[in-house]
Amino acid sequence: ILPIAVASLALAACNKEPEGPKTAEQVKEEVAALAKDAKPEPGKYRTTIKVLNVNIPGMPQINPDQMNGMFSKTGKDAEHCLTPEMANKGFEEFGKQAAQGDCTYDSFSAGDGKMDAVMTCKPAQGVTSRTELHGTFSPTGSNLKMKTESSGASMPGGKMTMEAEVTSERIGDC
C-alpha cells in the first residue's frame, strides 16, 4: 500500500485532467516538470495507514482492526522529517518513486487540493492490481482513500480486494 500512496502523492503534484493511459515513466516526467510549483512544507510528518476492508474469496472474513494492528507493529504508521532541502524539491522524489514498478496510470486528475487516479500494476508474475485513489492534499498533508482489486492464479481464491485510508499530516518541526 505504501508505494501506492507515495505514487499517488506524485500524481497530486500534477494539475492535469485525465488524458488516458500513461506509463509510470511518463508520470515521472510530468511530475518532475511540475514539481517546481508544488512544494510541501518542511517539518515532521506522521503517516497513518488504516485498513477499512479486506476480502479474499474462500478465506474467513478478515477483521480490519487486526490488519490495522499488524500495520502498526510492522512500522506502517511512521513519522519522518522533511528537511527544507527535500521540501524545495517539491514532489520530485515522489515522481521518481512513481516510475518504479510495472504500472500504468489509466487516468489521473489533480489540482485545487483534490486528486483522483486509477492505476493498474503488475507487482508479481501473473498478478494484476487495479487501484482507485481519491482524496485531498495540501502543503501540510494529505488524505487518500484507496480501493485495490488484485487478481491472479497465484493468489488464494484468485483475487483479493482491500480498501484503505492513508493520512499524512505535518505535526511540527523536526
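The values are calculated or read from the model by the stated rules, or taken from the named source; none is laboratory data. On a predicted model such as this, the values are computed, not experimentally measured, just so you know. Methodologically, a virtual Cβ is constructed for each residue, glycine included, from the backbone with ideal geometry; neighbour enumeration extends over all protein chains shown. Protein only, heavy atoms only, side chains kept; ligands, DNA and RNA dropped before computing areas. Shrake-Rupley method; radii C 1.70, N 1.55, O 1.52, S 1.80 Å.
Tabulated values for the structure
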| quantity | calculated |
| --- | --- |
| ³J(HN,Hα) computed for each position of segment 159-173 - Karplus, 6.51 cos²θ - 1.76 cosθ + 1.60, integer Hz, glycine/proline x | 7, 8, 10, 8, 10, 8, 10, 10, 10, 10, 9, 6, 10, x, 8 |
| Separation of the residue 155 and residue 86 label points, Cα + 7 Å toward Cβ, nm | 3.1 nm |
| Carbon and sulfur %, accessible surface of segment 105-174 computed with the full protein complex present, 1.4 Å | 49 percent |
